[in-house]
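Before any comments, here is the structure.
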There are 2 protein chains.
Amino acid sequence: MAKRLQTEQPRRAARIGICGLGTVGSGTVNVMLRNSAEIAARCGRPVDIVQIGARRDNPACDTSGLNVTREIFDVANNPDVDILVELIGGTTVARELVLAAIDSGKHVVTANKALIAEHGNELFAAAAEKGVTIAYEAAVAGGIPIIKSLREGLAGNRIQWLAGIINGTGNYILTEMRDKGRSFEEALAQAQALGYAEADPTFDVEGIDAAHKLVIMASLAFAIPLAFDKVYTEGISRISIEDIRYADELGYCIKHIGLARRTEAGVELRVHPTLIPQRRLIANVDGVMNAVLVNGDAVGPTLYYGAGAGAEATASAVIADIVDVARTLEADPCQRVPAAGVAEGNQDGPRVLPMEEVLTSYYLRISAQDKPGVMSQVAKICSDQGISIEALIQHEPAEGETLVPVVILTSRAKEASLREAVAQIDALDTVEGEVVRIRVEPLG
Amino acid sequence: MAKRLQTEQPRRAARIGICGLGTVGSGTVNVMLRNSAEIAARCGRPVDIVQIGARRDNPACDTSGLNVTREIFDVANNPDVDILVELIGGTTVARELVLAAIDSGKHVVTANKALIAEHGNELFAAAAEKGVTIAYEAAVAGGIPIIKSLREGLAGNRIQWLAGIINGTGNYILTEMRDKGRSFEEALAQAQALGYAEADPTFDVEGIDAAHKLVIMASLAFAIPLAFDKVYTEGISRISIEDIRYADELGYCIKHIGLARRTEAGVELRVHPTLIPQRRLIANVDGVMNAVLVNGDAVGPTLYYGAGAGAEATASAVIADIVDVARTLEADPCQRVPAAGVAEGNQDGPRVLPMEEVLTSYYLRISAQDKPGVMSQVAKICSDQGISIEALIQHEPAEGETLVPVVILTSRAKEASLREAVAQIDALDTVEGEVVRIRVEPLG
């Protein structure tokens with residue numbers, strides 16, 4: 001009965017220090033205050049914000065009555081803080097702040113994908129050394145509980161692959177291009193006007209943000225260390241409305257996909273525009289929404305969908321982590337879910353496969369002169385590289401054009417062979433400009 | 001450094017006893033044996049099947065080398081078992097088995113939705129008394145980690161509503177009817193031939209199975225006790241191909257939905273055929289697949305999709321629970337996630353609303369004689385009950401018929417008013433047969 005008595009004693013409050021009062025920080029404070037009764041009931045104890053560290057106030061968040069400091073490192077060193085919530089962003093000061101908090105024996109909750117993707121291995125080791133936790137649900141796909149699903153909900157599975165629409169800005173742009181016939185530049189300008197894209201949109205449209213999220217998911221799925229430097233990353237800035245239309249005619253959508261797959265040879269880690277069959281549920285995820293499709297050997301395909309960004313959606317994930325950590329404040333570290341998804345010493349999954357060795361299918365678009373023999377030249381190049389052509393469609397030239405757009409779908413081939421074939425097609429006299437190439441994934 | 005040293009000591013194996021070797025039991029044993037290395041790495045300790053209790057062997061599962069008994073209660077009383085996994089089904093023996101296991105201090109993992117929905121309140125109390133856990137991820141939506149998502153992943157939210165396609169048999173039948181133009185009876189026979197439906201399909205097609213799952217989710221979402229006797233349940237056996245076509249013309253799909261919604265007046269708990277907009281992602285969940293749409297105040301809409309049944313998909317959820325419990329075998333009970341989602345004494349959510357008080361929109365189909373004045377009679381009846389008509393469409397009579405099918409979409413009205421209006425329309429001389437009525441939900 002000793003156990004029973006223990007649960008009846010009221011537990012002291014979990015004491016939270018929040019650093020950063022931007023969009024996510026203010027959302028977190030607002031939701032924590034609004035839903036404090038629900039949060040305490042789920043935790044089995046009150047959860048108090050004992051300090052906020054922020055360089056400036058945020059009108060989106062009323063901090064009256066809260067202890068606010070301009071020195072964020074005061075929060076990391078505050079002996080009355082149990083859990084430091086890092087919401088300042090960036091990787092330099094954030095890394096130092098998190099290390100300082102760990103060093104003073106605090107648990108850490110962070111929404112910082114770049115920090116985890118680039119410094120997670122170091123931070124997890126430091127946390128393990130101190131017997132504290134780092135939780136990072138909010139780092140991937142905003143409010144969707146994908147970290148928890150991969151790490152705990154699918155813990156019985158050998159995960160085969162996962163594919164995600166994990167950048168809302170990019171998905172918004174591609175959706176606008178398809179639905180409204182806008183060019184990439186027009187859709188980007190629209191995204192910027194609506195606040196979905198930054199003035200410098202590089203992180204989003206070139207796939208760096210998605211690559212951060214992908215390596216975090218892949219690390220959990222395959223029990224491998226975080227390997228941001230090994231992700232192949234290609235953005236969407238070269239996608240044209242023409243390709244979106246041709247893909248549509250073939251029954252495909254073009255989505256910016258982060259893909260991680262376990263193969264005999266190693267783990268594929270890649271972010272790039274991808275033709276996916278329209279009949280897949282994930283092909284219907286439009287606008288700024290995110291979704292991740294995970295295929296486990298036991299469970300088969302599962303999909304997780306929701307808002308990938310925004311103040312309160314991200315706060316939802318931050319607070320889920322706070323609840324998990326607050327509930328287990330006194331737990332032995334080995335009773336907690338390990339930050340890396342597996343107990344220490346078990347990150348022994350397969351190597352990351354270099355992109356050249358990846359097998360995938362391709363959509364190719366060639367601008368060819370309307371002369372006999374061009375297609376046989378192209379077919380021979382593919383054949384010489386061991387690439388089978390599954391479909392070849394000549395489209396009508398655009399008005400006033402003499403060049404014929406030719407669309408080719410290939411069967412699965414090694415990336416290195418495909419690159420060689422494309423280089424040879426590019427060099428043909430009868431072909432103008434560069435071959436457009438977009439990978440194709442059945443996701444089935 | 002004491003904490004650190006503790007994590008370095010190898011932890012003893014978690015000892016599992018499995019009762020039941022049917023579809024889910026054999027799937028669980030097979031996946032546990034196949035993925036034992038991954039499971040141990042995620043748990044931080046080996047997970048051993050020390051005993052299986054099953055009345056008979058199952059050719060789907062090789063138990064050679066395993067300790068199998070024909071007396072399932074031996075497993076509940078085995079002092080070498082830490083976690084009893086109940087996969088025998090039913091609610092009589094299963095309840096006794098689970099109570100016996102709890103009484104002997106074991107944690108319990110179960111896939112039994114009927115047991116939890118109908119006896120969960122009693123079982124959770126018994127488990128809390130003994131300081132042990134009951135985990136039941138596999139009871140709802142097979143392999144989809146929806147229990148974990150509701151209870152932990154969305155712990156920061158005040159959940160507003162959830163809507164699920166949570167019976168694969170029913171969804172298969174409705175999908176076949178829509179896609180192939182089959183009648184309900186034909187589609188049911190097809191589902192039976194494929195093994196998706198039982199010889200007696202009542203549990204599935206009349207919504208009882210979905211109601212079990214719905215009350216479990218609602219209990220977690222709203223912190224209310226399990227209230228199976230308070231769910232309004234309506235099956236799909238009266239859905240006709242005609243209604244599916246008319247719904248399609250209006251931009252809707254007919255799905256069998258389990259819906260739980262928080263309102264000012266109380267919690268709605270209902271399972272019934274529902275018109276939902278085709279543009280919603282959940283409207284595209286077809287065949288035997290399941291999906292649950294959850295709307296939280298912070299996160300907004302999130303969706304969880306996957307296989308709702310099947311040996312290994314369900315095993316995936318069973319093993320996720322085993323991993324959670326095995327990791328925290330030595331934990332103080334208050335450090336574990338509470339079975340009911342909130343700490344004891346906190347199940348103080350709102351009352352369940354009687355169906356008569358529920359507000360919803362309606363699709364009505366009337367077979368009217370082709371005479372002047374009928375529509376004005378119908379409109380007056382609706383108006384007298386405070387029901388606004390949003391659309392009224394007269395269709396062409398079927399060949400050789402003289403009756404005119406009239407489809408009406410109403411705005412939101414109280415169920416009691418709608419029932420009164422339908423009774424009055426049914427009584428009109430100019431209307432033949434009974435009014436067909438299907439609820440409409442925007443799910444937006």
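The values are calculated or read from the model by the stated rules, or taken from the named source; none is laboratory data. Here the structure is a predicted model, which means the values were calculated and not measured. Positions of Cβ are backbone-derived with ideal geometry, glycine not excepted, and every protein chain shown enters the neighbour counts. Keep in mind that these areas ignore ligands, DNA and RNA; they rest on the heavy atoms of the full protein, side chains included. Shrake-Rupley method; radii C 1.70, N 1.55, O 1.52, S 1.80 Å.
Mind checking the dipole of the stretch A:87-199: about its Cα centre, +1 per Lys or Arg Cβ, -1 per Asp or Glu Cβ, Debye to the nearest 20? Provide the component values of the computation, followed by the final result.
Details: 10 positive and 12 negative charges, 69 e Å.
Dipole magnitude for the stretch A:87-199 comes out near 340 debye.
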> Under a 5 Å amide H to amide H cut-off, with H placed in plane at 1.01 Å, what residues pair with B:Val352 once short-range neighbours are removed?
Replying inline: B:Val267
>> Based only on Cα atoms, what mean projected area does the convex hull of the stretch B:359-440 have, in nm²?
In response: 4.8
>> Kirkwood hydrodynamic radius, the stretch A:323-412, all distinct C-alpha pairs: what's the number in Å?
In response: 18.2
>> Check which residues have an amide H placed less than 5 Å from A:Thr69's amide H, if you skip close sequence neighbours.
In response: A:Ile52, A:Gly53, A:Ala54
> Which ³J(HN,Hα) values, rounded to whole Hz and listed in residue order, are derived for the stretch A:148-153 from phi using the Karplus coefficients 6.51, -1.76 and 1.60 in 6.51 cos²θ - 1.76 cosθ + 1.60 with θ = phi - 60°, glycine and proline given as x?
Replying inline: 4, 5, 5, 7, 10, x
>> Can you give me the orientation-averaged projected area of the convex hull built on the Cα atoms of the stretch A:1-142, in nm²?
In response: 9.4
> Among A:Gln369, A:Ile146, A:Gly341, which residue has its Cα positioned farthest towards the positive end of the charge dipole of the protein assembly as shown, with +1 placed on the Cβ of Lys and Arg, -1 on the Cβ of Asp and Glu, and the dipole taken about the Cα centre?
Replying inline: A:Gly341
> How large is the dipole of chain A about the Cα centre if only Lys and Arg carry +1 and Asp and Glu carry -1, each at its Cβ, rounded to the nearest 20 debye?
Replying inline: 1500
> What are the residues whose amide H is under 5 Å from the amide H of A:Val440, where those residues sit 5 or more places off or on another chain and H is modelled from the backbone?
Replying inline: A:Leu275, A:Ser361, A:Tyr362, A:Tyr363
>> In chain B, if the dipole is taken from +1 on Lys/Arg beta carbons and -1 on Asp/Glu beta carbons about the Cα centre, which of B:Ala398, B:Phe124, B:Ile83 is farthest to the positive end?
In response: B:Ile83
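For the pair A and B, how large is the buried accessible area, both sides, in square angstrom to the nearest 100, if the probe is 1.4 Å? Please report the intermediate quantities before stating the final value.
Details: alone 19360 and 19400 Å², together 32960 Å².
Buried area (both sides, nearest 100 Å²): 5800 Å².
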> Summing +1 for each Lys or Arg and -1 for each Asp or Glu, what net charge is found among the other residues whose Cβ lies under 15 Å from the Cβ of A:Val31?
Replying inline: -4
>> Inside 10 Å of the C-beta atoms of B:315-328, what's the mean count of C-beta atoms belonging to other chains?
In response: 5
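For the full complex of protein chains and a 1.4 angstrom probe, list B:Arg70, B:Arg45 by accessible area with the highest value first. Don't skip to the end; give the middle numbers.
On the way: B:Arg70 115, B:Arg45 5 Å².
Listed by decreasing accessible area, they come as B:Arg70, B:Arg45.
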>> For a quick size check, give me the Cα extents of the stretch A:226-305 along its three principal axes, largest first, whole Å.
In response: 35, 30, 25
>> Sort B:Glu432, A:Glu264, A:Glu152, B:Glu38 by heavy-atom solvent-accessible area, probe 1.4 angstrom, most to least.
In response: A:Glu264, B:Glu432, B:Glu38, A:Glu152
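Calculated FRET efficiency, A:Leu66 and A:Arg12, Cβ-Cβ r, R0 25 Å, to nearest 0.05?
So the FRET efficiency works out to roughly 0.85.
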> Mind listing the phi-derived Karplus ³J(HN,Hα) values for the stretch B:127-135, rounded to whole Hz, using 6.51, -1.76 and 1.60 with θ = phi - 60°, and x for any glycine or proline?
Replying inline: 5, 4, 4, 8, x, 10, 9, 10, 10
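Determine the share of the protein assembly as shown's accessible area contributed by carbon and sulfur atoms, expressed in whole percent, with a 1.4 angstrom probe.
Details: 15780 of 32960 Å².
Of all accessible area on the protein assembly as shown, carbon and sulfur atoms account for 48 percent.
So what is the 222 nm mean residue ellipticity for chain A from helices alone, if each DSSP H run of at least 4 adds -39500 (n - 2.57) and you divide by all residues, rounding to the nearest 500 deg cm²/dmol?
Details: 14 runs with 153 residues, N = 444.
Using -39500 (n - 2.57) per qualifying helix, the result is -10500 deg cm²/dmol.
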>> Could you work out the relative contact order of chain B? I mean the mean sequence separation of Cα pairs under 8 Å and 6+ apart, divided by the number of residues, in percent.
In response: 16
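Within 10 Å of each Cβ in A:42-48, how many Cβ atoms from other chains are there, averaged over the peptide? If you can, show how the numbers build up before the last one.
Details: counts 14, 7, 11, 2, 0, 1, 0.
Mean partner-chain Cβ count within 10 Å for A:42-48: 5.
Among B:123-134, B:265-276, A:391-402, how do they line up from the highest to the lowest mean number of other beta-carbon atoms within 10 Å? Display every interim value, and only then the final one.
On the way: B:123-134: 20.9, B:265-276: 23.2, A:391-402: 11.0.
Top of the packing list down: B:265-276, B:123-134, A:391-402.
Placing unit charges on C-beta atoms (Lys and Arg positive, Asp and Glu negative, everything else neutral), compute the dipole magnitude of the protein assembly as shown about its Cα centre in debye, rounded to 20.
Working: 84 positive and 116 negative charges, 384 e Å.
Roughly 1840 debye for the protein assembly as shown.
Quick one: work out Rg over Rh on the C-alpha atoms of the stretch B:146-307, Rh as Kirkwood radius. Display every interim value, and only then the final one.
Details: Rg = 15.5 Å, Rh = 16.0 Å.
My calculation of the ratio gives 0.97.
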> For the stretch B:293-444, max minus min Cα coordinate along each principal axis, in Å, sorted largest first?
Replying inline: 76, 36, 26
> When you take every Cα atom in chain B, what is the radius of gyration, and what is Dmax, the widest Cα pair distance, in Å?
Replying inline: 24.5, 89
>> With θ taken as phi - 60° and the coefficients 6.51, -1.76 and 1.60, list the Karplus ³J(HN,Hα) couplings across the stretch B:73-86 in order, rounded to whole Hz; mark glycine and proline as x.
In response: 5, 4, 5, 4, 9, 6, x, 8, 9, 8, 10, 9, 9, 8
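Give me the accessible area per residue for the protein assembly as shown, probe 1.4 Å, as a whole number in Å².
Details: 32960 Å² over 888 residues.
Using a 1.4 Å probe on heavy atoms only, each residue of the protein assembly as shown averages 37 Å².
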> To the nearest µm²/s, what D does Stokes-Einstein give for the protein assembly as shown at 20 °C and 1.002 mPa s, using the Kirkwood radius over alpha carbon pairs as Rh?
Replying inline: 74
> Over all residues in A:26-32, what is the mean tally of Cβ atoms on other chains that come within 10 Å of each residue's Cβ?
Replying inline: 2
>> Looking at the calculated P(r) for the stretch B:280-370, what percent of the C-alpha pair distances fall above 21 Å?
In response: 66
> Once the other residues with Cβ under 12 Å from the Cβ of B:Gly251 are scored (Lys, Arg +1; Asp, Glu -1), what is the net sum?
Replying inline: 0
>> Which entries of B:Lys106/B:Lys148; B:Lys180/B:Lys414; A:Lys148/B:Lys213; B:Lys380/B:Lys414; A:Lys180/B:Lys148; A:Lys213/B:Lys148 have Cα-Cα distances beyond 27 Å here?
In response: B:Lys180/B:Lys414; A:Lys180/B:Lys148
>> Which positions within the stretch A:145-184 get 30 Å² or more of their accessible surface covered by the other protein chains, compared to the chain by itself, with a 1.4 angstrom probe?
In response: A:Pro145, A:Lys148, A:Glu152, A:Gly153, A:Ala155, A:Gly156, A:Asn157, A:Arg158
